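The structure under discussion appears below in the form of structure tokens.
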């Protein structure tokens, strides 16, 4: 693996944090959740940052956090909106392989519930299905590997990631 790091991308509720935690433990990697990093850097919850700065302001804050990442031997679980910033995604790609956890829309929608309560970067009036359709090609553009998650348990998804990367 490049630089001994691994990066997970995907929609909110795809299992990046859960699968990432399992993978980090199995591979002996440190674990970093970029949503938590943004919250720590700004001293606020994601939904508060979005409310104060708007979607564009949040994306800028998120990208700034990604550009400042200096990690080794770390599994990085990203926020679902990281794919909107090319500079941030290029920074992530330099860290290590980027794995897209692709869950079907029906599974994601059931898991998400209220998108705004999660601090999700979604435009006013935009449906979750529209957000999924907008993001899907971006996830695929930046991913080195795509893993179909379906309704699989997190441990099985983690094993699929390991098999796909040969680790």
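Derivation of every value follows stated rules applied to the coordinates shown; laboratory data play no part. The model shown is predicted, which means the values in this text are computed figures rather than measured ones. In this analysis, Cβ positions are derived from the backbone assuming ideal geometry, glycine residues included, and neighbour counts consider all displayed protein chains.
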Fewest first, what order do 44, 16 take by the number of other Cβ atoms within 10 Å? 44, 16
Could you give the nm distance between label points at residue 36 and residue 140, where each point is 7 Å from its Cα heading toward the beta carbon? 3.2
Extension length gain for residue 55 and residue 167 (0.36 nm per residue less Cα distance), in nm, is 36.7 nm
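Any chance you could run the full-extension gain for residue 110 through residue 148? It's 0.36 nm times the residue separation minus the Cα-Cα distance, nm to one decimal.
Once the chain is fully extended between residue 110 and residue 148, it gains 12.0 nm.
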For the chain, what does the relative contact order come out to in percent, with C-alpha contacts under 8 Å and a separation of six or more? 35
Looking at the square roots a ≥ b ≥ c of the eigenvalues of the Cα gyration tensor of the range 84-167, which shape do they give, rounded for a/c under 1.5, prolate if a/b is larger than b/c, or oblate? oblate
In terms of the Cα gyration tensor, with a ≥ b ≥ c the square roots of its eigenvalues, is the range 2-165 rounded because a/c is under 1.5, prolate because a/b exceeds b/c, or oblate? oblate
Determine the distance separating the Cα centre of the range 46-92 from the Cα centre of the range 120-136; give it in Å without decimals. 17
